[in-house]
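Asker: Structure in structure tokens, see below.
The values are calculated or read from the model by the stated rules, or taken from the named source; none is laboratory data. None of these values were measured; they are calculated from a predicted model. For neighbour counting, all protein chains shown are included, and Cβ atoms are generated from backbone atoms with ideal geometry for every residue, glycine included.
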2 protein chains.
Amino acid sequence: MSLTIKVHIASYLNLDLHANNKVVTCANYNTKIRPRPIYSSNPVIITTFKPKMLADHSPSAPIRSSLIDPDGGTLVDLVVPETQRASKVFEAESLPKVQLAKIDLEWVHVLSEGWTSPLKGFMRENEYLQSLHFNSLRMKDGSLVNMSLPIVLAIDDETKGRIGSSSHVALVAPHGDCVAILRSIEIYKHNKEERIARTWGTTAPGLPYVDEVITPAGNWLIGGDLEVLKPIKHNDGLDNYRLSPKQLRREFDRRKADAVFAFQLRNPVHNGHALLMNDTRKRLLEMGYKNPILLLHPLGGFTKADDVPLDVRMEQHSKVLEDGVLDPETTIVAIFPSPMHYAGPTEVQWHAKARINAGANFYIVGRDPAGMSHPTEKRDLYDPDHGKKVLSMAPGLEKLNILPFRVAAYDTVEKKMAFFDPTRANEFLFISGTKMRTYARNRENPPDGFMCPGGWNVLVKYYESLQAQEPSQRPAVFST
Amino acid sequence: MSLTIKVHIASYLNLDLHANNKVVTCANYNTKIRPRPIYSSNPVIITTFKPKMLADHSPSAPIRSSLIDPDGGTLVDLVVPETQRASKVFEAESLPKVQLAKIDLEWVHVLSEGWTSPLKGFMRENEYLQSLHFNSLRMKDGSLVNMSLPIVLAIDDETKGRIGSSSHVALVAPHGDCVAILRSIEIYKHNKEERIARTWGTTAPGLPYVDEVITPAGNWLIGGDLEVLKPIKHNDGLDNYRLSPKQLRREFDRRKADAVFAFQLRNPVHNGHALLMNDTRKRLLEMGYKNPILLLHPLGGFTKADDVPLDVRMEQHSKVLEDGVLDPETTIVAIFPSPMHYAGPTEVQWHAKARINAGANFYIVGRDPAGMSHPTEKRDLYDPDHGKKVLSMAPGLEKLNILPFRVAAYDTVEKKMAFFDPTRANEFLFISGTKMRTYARNRENPPDGFMCPGGWNVLVKYYESLQAQEPSQRPAVFST
């Protein structure tokens, strides 16, 4: 039996789900989001739900290997087969070299595993322009895939000169090894001002990715087809958490997931997050899914200096599972290897699109995703509601179920994290990421029930270790 | 007989046209433009060519009323029927008033006649966000129409306060008359910095539209459904040239056009432009079209202070037709009522999209369309090739035939404007709009054959009249 579930995003007031004309109302999702595109009052999100198949293990009714197709239909894998490695390494040594910065290597990692499918390497100019102007790429068949961030490699005049008329170059990691070949290259102008303005919607100084990556970069971009010589490893003790989209898809199959809901984060998990993730699972069960799996998916690449480092966050996430706040049986914790842009509505599309490629068919989006404070003005850089609105309208994301959520806050009466109730607003306390970090830095305890004690302890220890360091070794603290 | 012509934009090197497997090569078009979207090597532009129908006047084979459908399928007309006018005027008087600036009224004009189809009024937030992030709007059926510029109306805090909880407002022209009702309004934040950055790709001070319109505007945008009380007239002696999309479509039918090629301009027509327009007509005839009509379509709304004013340009264009440089039999001169943004690749999409709505199925695009000098740096604001590249890839413009052209320059050997030949580059002289204006301003003659004498004389007289004015009355001259 195959049952089609249509989600009427047009009536976002509550997330109504129509299954065989039976309406299941999920009242806990965000009540503020507007209808999907203005012109669309029709059902726009469709997922195929096959409840019988889970119980039926006969070979004729196998679990589908994928709940959602990767963009472009095929998951891109740019790591060269082992049989060809020696000859490619030999070839790479003979090519002009392009030196990668640490964050360039993070993008090589991301590209190599197909998070960016259908991209086959750093963008050439026609991909760059489509990304910059339309946040999408057109496929041969005329369909669009989402591609909101320019995924590009910059080089300087000197490197361009050295490349000369060569068609291919070798990419050299910061540690000195050749890690990849970029083939059939195209070199084009890197107009930094335009790239920054169109990606962030501001050119104000102080954007972390701009300061770290773009400002120091060269005035040329180099695109081409990427061949990665061997899988990228970080050797930081966390590589086992760096599951590729292919590995994640296999794991969802192994667990016989019939729905996967992804949660992107770059902060420690507090009980508000947990409430929301557990609530989402409950709602999916109510919709008729039998085995929804949570992909708890912390971002593992570049983050700004005052964010909590990855190793600390991973330890904190482990404690949250150990303490039983999230159920390990229905949760997969893995690292999303992308760097952060802090580009709000533009970046949240990338976060969602990459999870399509990893096999997640539901994506949870909250207030001000990928946002930060304006670097020079006293306000949020983005309207906190724009992220989920833009996400719900973005070309190429139609096949993904977007789950906006209501804000969770600390209920001072119930003494726990709860969905914010505007009728008794003054009984709620909002604890931002900045506030949470300030508590931990000052060794103050947050209110009871804000975070499980094991998780909180990890943060306290981290900030103690920072304070034990010489001031010069401490990360700079941004004004967020 | 119906014959399908497929234009292989992928091989842009020459504009190859395949008609029943016979390849017609149009070598005079631009040789630099890259393939359409990266993923598309297939034919992407298709137009249906019906040569027999022109000769056949039997009722069973009428001339099609339209060569290209308006965006959204139906041409929007927001002027209220005369029978309802009195009651609407009466209602408008009772509504909260929103005062329009001159350029706001230009947009009311543009919206009212359906240049912006399928828009039915100033953008609400979901349209604004789609325009800003994706340069397109999604329709009910999932298809996209192009919409690259935010077409919005700003109000200040005081006006927002006066509107209160009213659902509708009346729009008041600078001369004091109520000209329209905006219904079912939505008021949302006007983040000027983000709007400017995403539209222009810079936030540098000195962008003419920003200085004139956005900086002085309020911090709120008001969207809604527009009802225009009567057709907008300028009463400047040029209203007869302001043909609406409906009137243009009728005129193309009356002339039995089987192809319409639009040429957008905001400068006087020199012989290089004429060469290109005449050459395009020749190519269309070679393709098999029997009656291609040129829409010479000067922009009539706001332009920057050092551009030549509309009335002078219209007089100059008349002389060009009188002098026989362009053929009046196959040319329609009309005014495009939109204001200029000078937003390069973003704006050229608007220029092309509006001409779809006016019934043109071919659009000519040149070097650096809608571009200008960077307001604070010594360089072009946009890469001169980006306009035509972005246009060829823009969502929602697939049905329009984009005709990029080679640069025309003054051939000092042949003593005429000719397509630039890079093999004898030093025999060509480039005369930019700025240079042309400088010649005229300084009463110097341009080289023989640059412009027809009648047309040149109009410009000389205009600059003489400027110099006769008090310095304080002269328009400010930008650094372009």
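Asker: On the given criteria, is B:Tyr289 more than 24 Å from B:Pro118 (Cα to Cα) and either under 12 Å from the mean Cα position of the chain (by Cα) or among the aromatic types (Phe, Trp, Tyr) (or both)?
Answerer: Working: more than 24 Å from B:Pro118 (Cα to Cα): yes; either under 12 Å from the mean Cα position of the chain (by Cα) or among the aromatic types (Phe, Trp, Tyr) (or both): yes.
Considered against the rule, which asks whether it is more than 24 Å from B:Pro118 (Cα to Cα) and either under 12 Å from the mean Cα position of the chain (by Cα) or among the aromatic types (Phe, Trp, Tyr) (or both), B:Tyr289 comes out as yes.
Asker: Hey, could you check the range B:236-282 for residues that are part of a strand (DSSP E or B) and not small (Gly, Ala, Ser) and say which is nearest to the chain's Cα centre (by Cα)? Explain how you work it out, then say what you get.
Answerer: First, the residues of the range B:236-282 that are part of a strand (DSSP E or B): B:259-265.
Retained after the next criterion (residues that are not small (Gly, Ala, Ser)): B:260-261, B:263-265.
Working: B:Val260: 15, B:Phe261: 12, B:Phe263: 8, B:Gln264: 5, B:Leu265: 8 Å.
It comes out as B:Gln264.
Asker: Oh, and also: In the set B:Leu284, B:Leu294, B:Leu299, which member is buried (at least 19 other Cβ atoms within 10 Å of the Cβ) and under 19 Å from B:Ala370 (Cα atoms)? Give the derivation first.
Answerer: On the way: B:Leu284 fails: under 19 Å from B:Ala370 (Cα atoms); B:Leu294 fails: under 19 Å from B:Ala370 (Cα atoms).
Selected residue: B:Leu299, the only one of B:Leu284, B:Leu294, B:Leu299 that is buried (at least 19 other Cβ atoms within 10 Å of the Cβ) and under 19 Å from B:Ala370 (Cα atoms).
Asker: So is A:Met436 farther than 30 Å from A:Gly142 by Cβ, modelled with pLDDT under 90 and aliphatic (A, V, I, L, M) or not? Walk me through it before giving the result.
Answerer: Values: farther than 30 Å from A:Gly142 by Cβ: yes; modelled with pLDDT under 90: yes; aliphatic (A, V, I, L, M): yes.
In short, yes.
Asker: Separate question: Looking at A:Leu285, is it modelled with pLDDT under 95 and assigned to a helix (DSSP H, G or I)?
Answerer: Details: modelled with pLDDT under 95: no; assigned to a helix (DSSP H, G or I): yes.
Criteria not met by A:Leu285.
Asker: List the residue pairs whose Cβ atoms are under 8 Å apart, where the first residue sits in the range B:71-100 and is at positive phi, the second is of a type in the set (A, V, I, L, M) and surrounded by 15 or more Cβ atoms within 10 Å (Cβ to Cβ), and the two are 6 or more positions apart or on different chains.
Answerer: Sorted first by the residue in the range B:71-100, then by its partner, the pairs are B:Gly72/B:Met139; B:Gly72/B:Val145.
Asker: Then there's this: Scan the range A:341-370 for residues that are among the hydrophobic types (A, V, I, L, M, F, W, C) and either under 18 Å from A:Phe405 (Cα atoms) or part of a helix (DSSP H, G or I) (or both) and jot them down. Before the answer, list the steps.
Answerer: The first filter runs over the range A:341-370 and keeps only residues among the hydrophobic types (A, V, I, L, M, F, W, C), leaving A:343, A:348, A:350, A:352, A:354, A:356, A:358, A:360, A:362, A:364-365, A:370.
The answer is A:Val348, A:Trp350, A:Ala352, A:Ala354, A:Ile356, A:Ala360, A:Phe362, A:Ile364, A:Val365, A:Ala370.
Asker: Scan the range B:404-429 and report the pairs whose first residue is in contact (Cβ under 8 Å) with a residue 12 or more places away in the chain and whose second residue is in a loop (DSSP other than H, G, I, E, B) and of a type in the set (Gly, Ala, Ser), with Cβ atoms within less than 8 Å and a gap of 6+ or a chain change.
Answerer: Hits for this filter: B:Pro404/B:Gly366; B:Phe405/B:Gly366; B:Val407/B:Gly366; B:Tyr410/B:Gly449; B:Lys415/B:Gly449; B:Lys416/B:Gly449; B:Met417/B:Gly449.
Asker: Report those strands (runs of 3 or more DSSP E) wholly inside the range A:97-200 carrying at least 1 residues which are more than 25 Å from A:Leu391 (Cα to Cα) and within 14 Å of chain B (Cβ to nearest Cβ). Walk me through how you get there before you give the answer.
Answerer: Working: elements: A:97-99, A:136-138, A:144-146, A:169-172, A:178-189.
Hits in the range A:97-200: A:178-189.
Asker: What tally of residues in the range A:443-465 results from selecting those that are at pLDDT 90 or above and either part of a loop (DSSP other than H, G, I, E, B) or over 23 Å from A:Glu322 (Cβ atoms) (or both)? Break it down into steps so the answer makes sense when it comes.
Answerer: Start the filter on the range A:443-465 by keeping residues that are at pLDDT 90 or above, which leaves A:444-465.
Narrowing the set further to residues that are either part of a loop (DSSP other than H, G, I, E, B) or over 23 Å from A:Glu322 (Cβ atoms) (or both) leaves A:444-452.
Qualifying residue count for the region: 9.
Asker: Here is a further query. Looking only at the range A:349-369, count how many residues are within 14 Å of another protein chain (Cβ to nearest Cβ) and free of Cβ contacts under 8 Å to residues at least 60 places away in the same chain.
Answerer: Within the range A:349-369, residues that are within 14 Å of another protein chain (Cβ to nearest Cβ) and free of Cβ contacts under 8 Å to residues at least 60 places away in the same chain number 1.
Asker: Now for a different question. Select from the range B:108-124 the residues that are buried (at least 24 other Cβ atoms within 10 Å of the Cβ) and free of Cβ contacts under 8 Å to residues at least 60 places away in the same chain and list them in ascending order.
Answerer: B:Leu119
Asker: Quick check on B:Lys233: is it part of a loop (DSSP other than H, G, I, E, B), of a type in the set (Lys, Arg) and either surrounded by fewer than 23 Cβ atoms within 10 Å (Cβ to Cβ) or more than 14 Å from chain A (Cβ to nearest Cβ) (or both)?
Answerer: In short, yes.
Asker: What's the total number of residues in the range A:359-380 that are touching a Gly at 6+ places or on another chain (Cβ under 7 Å) and of a type in the set (D, E, K, R)?
Answerer: Looking only at the range A:359-380, we keep the residues that are touching a Gly at 6+ places or on another chain (Cβ under 7 Å), and these are A:365, A:368-371, A:375-376, A:380.
Among the residues that remain, those that are also of a type in the set (D, E, K, R) are: A:368, A:380.
Qualifying residue count, the range A:359-380: 2.
Asker: Could you please find all residues in the range B:91-110 being of a type in the set (Asp, Glu) and either touching a Gly at 6+ places or on another chain (Cβ under 8 Å) or farther than 16 Å from B:Pro150 by Cβ (or both)? Please lay out each step first, then the result.
Answerer: We begin by selecting, within the range B:91-110, every residue of a type in the set (Asp, Glu); these are B:91, B:93, B:104, B:106.
If the condition is that a residue be of a type in the set (Asp, Glu) and either touching a Gly at 6+ places or on another chain (Cβ under 8 Å) or farther than 16 Å from B:Pro150 by Cβ (or both), then B:Glu91, B:Glu93, B:Glu106 are the ones that fit.
Asker: Which of the residues spanning the range B:201-218 are out of contact with any helix residue (DSSP H, G or I) (no Cβ under 6 Å at 6 or more places or on another chain) and either away from chain A (no Cβ under 12 Å) or of a type in the set (Gly, Ala, Ser) (or both)?
Answerer: Result: B:Ala204, B:Gly206, B:Pro208, B:Tyr209, B:Asp211, B:Glu212, B:Thr215, B:Pro216, B:Ala217, B:Gly218.
Asker: If we scan the range B:164-171, do we find a residue that is under 15 Å from B:Val108 (Cβ atoms) and over 26 Å from the mean Cα position of the chain (by Cα)? Break it down stepwise before answering.
Answerer: Residues of the range B:164-171 that are under 15 Å from B:Val108 (Cβ atoms), as a first pass: B:169-171.
The next check asks that each one be over 26 Å from the mean Cα position of the chain (by Cα); those that pass are B:169-170.
Yes, there is a match, as at least one residue in the range B:164-171 is under 15 Å from B:Val108 (Cβ atoms) and over 26 Å from the mean Cα position of the chain (by Cα).
Asker: Residues of the range B:370-415 being of a type in the set (S, T, N, Q) and either more than 23 Å from B:Ala354 (Cα to Cα) or within 11 Å of another protein chain (Cβ to nearest Cβ) (or both), which ones?
Answerer: Here is the first cut: in the range B:370-415, the ones of a type in the set (S, T, N, Q) are B:373, B:376, B:392, B:401, B:412.
Answer for the range B:370-415, where residues must be of a type in the set (S, T, N, Q) and either more than 23 Å from B:Ala354 (Cα to Cα) or within 11 Å of another protein chain (Cβ to nearest Cβ) (or both): B:Ser373, B:Thr376, B:Ser392, B:Thr412.
Asker: Cβ-Cβ under 7 Å, sequence separation 6+ or interchain: first residue in the range B:152-165 and within 27 Å of B:Ser338 (Cα to Cα) and at pLDDT 95 or above, partner part of a loop (DSSP other than H, G, I, E, B) and of a type in the set (A, V, I, L, M). Which pairs?
Answerer: Hits for this filter: B:Val152/B:Met123; B:Ala154/B:Ala217.
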